[in-house]
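Chemist: The structure follows.
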Amino acid sequence: MAVRAGEGGGRPLGYGEALRRLRDAQKSAKGVSLYSRYVNRPVGRVLAAGAYRARLSPNQVTLVSAACSAFGVAAVAVARPSWPLAVAVYAALAVGFAFDSADGQLARLLGKGGPAGEWLDHVVDCAKITALHAAVLITFYRHFRLPGDGWLLVPLGFQLAAVLVFFGGLLTDKLKPKGSSGPAAAPSRLRAVALLPVDYGVMCAVFLLLGSERAFRYGYTALFAAHALFLAAFLTKWFRELTALQRQAG
């Protein structure tokens, strides 16, 4: 049962107590990359405790996340690439990602999670993913001296792969029956490392290369190749899992 902080006639929690309760109410680390487990979630926990003290709602935190990400995306699309821009874009995207973790943690602390908040969170995530790669396409076209027009296909392909990974994983989770037949397995450290190339936090980090056209193009393309490989593996895995469920039900 969720602990409704500050409800039931009790006093609002202090920052330290809110942080402790958030630490004790984390989601499972299964299927989560090393970055999200040891960087993004802990930073999101600090932001969630601060948002609680500021009396923000989970949906307001989601909108803060959207605003940070929108600033980073717009900067990629509009400004001429440079090293200061690279740092600014990375900071905006990484902070937006941390607030994306904070909204769910705050909802669990307050006991106010629900379908509307989950819907808003996923809509913002989808918009962020599609817009970011569209912004890269724009900066490729406007600011980069590409060796050939074929490079313009890289952001389009990356956008397709990223959206399919996001939507495919989300839909698979929704189609699976709720509950578990046994105790959850301990999260794998090896799997957490292997998932790093498709972690959004690593995607944010590649924008630190934006000051060098060549470095950014190759770093971005390497991440695209990783997403394409993981997409093929994920789609195969998800389809087999859902097929097995159908056979069991029949």
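The values are calculated or read from the model by the stated rules, or taken from the named source; none is laboratory data. Remember, predicted model here, so these are calculated numbers, not experimental data. Counting neighbours? That spans all protein chains shown, and the Cβs are built from the backbone with ideal geometry, glycine included. Keep in mind that these areas ignore ligands, DNA and RNA; they rest on the heavy atoms of the full protein, side chains included. Shrake-Rupley method; radii C 1.70, N 1.55, O 1.52, S 1.80 Å.
Chemist: Could you tell me which residue of segment 169-227 is least open to solvent (accessible area, probe 1.4 Å), considering only residues that are at pLDDT below 95 and of a type in the set (S, T, N, Q)?
Modeler: In this case the residue turns out to be Thr172.
Chemist: Something else: Evaluate segment 72-79: report whether one residue or more is outside any loop (DSSP other than H, G, I, E, B), within 17 Å of the chain's Cα centre (by Cα) and surrounded by fewer than 17 Cβ atoms within 10 Å (Cβ to Cβ).
Modeler: no
Chemist: Restricting attention to segment 15-47, and to residues there that are under 16 Å from the mean Cα position of the chain (by Cα) and among the hydrophobic types (A, V, I, L, M, F, W, C), which single residue is farthest from Tyr200 (Cα to Cα)?
Modeler: Looking at the filtered set, the residue picked out is Leu47.
Chemist: Follow-up. How many of the residues making up segment 112-151 are assigned to a loop (DSSP other than H, G, I, E, B) and either out of contact with any Phe, Trp or Tyr (no Cβ under 7 Å at 6 or more places or on another chain) or open to solvent by 50 Å² or more (accessible area, probe 1.4 Å) (or both)?
Modeler: 7
Chemist: Next up: Restricting attention to segment 153-161, does a residue exist that is at pLDDT 95 or above, assigned to a helix (DSSP H, G or I), of a type in the set (Gly, Ala, Ser) and closer than 23 Å to Asp100 by Cα?
Modeler: Yes: one or more hits.
Chemist: State all residues of segment 52-61 that are in contact (Cβ under 8 Å) with a residue 40 or more places away in the chain and either buried (at least 24 other Cβ atoms within 10 Å of the Cβ) or at positive phi (or both); if no residue qualifies, say none.
Modeler: If the condition is that a residue be in contact (Cβ under 8 Å) with a residue 40 or more places away in the chain and either buried (at least 24 other Cβ atoms within 10 Å of the Cβ) or at positive phi (or both), then Tyr52, Pro58, Val61 are the ones that fit.
Conditions (1) loosely packed, with under 14 Cβ neighbours inside 10 Å; (2) at pLDDT below 95; (3) assigned to a loop (DSSP other than H, G, I, E, B), marked per residue:
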residue: Gly10; (1), (2), (3): yes, yes, yes
residue: Arg21; (1), (2), (3): no, yes, no
residue: Ala25; (1), (2), (3): yes, yes, yes
residue: Tyr38; (1), (2), (3): yes, yes, no
residue: Arg41; (1), (2), (3): no, yes, no
residue: Leu47; (1), (2), (3): no, no, no
residue: Ala66; (1), (2), (3): no, no, no
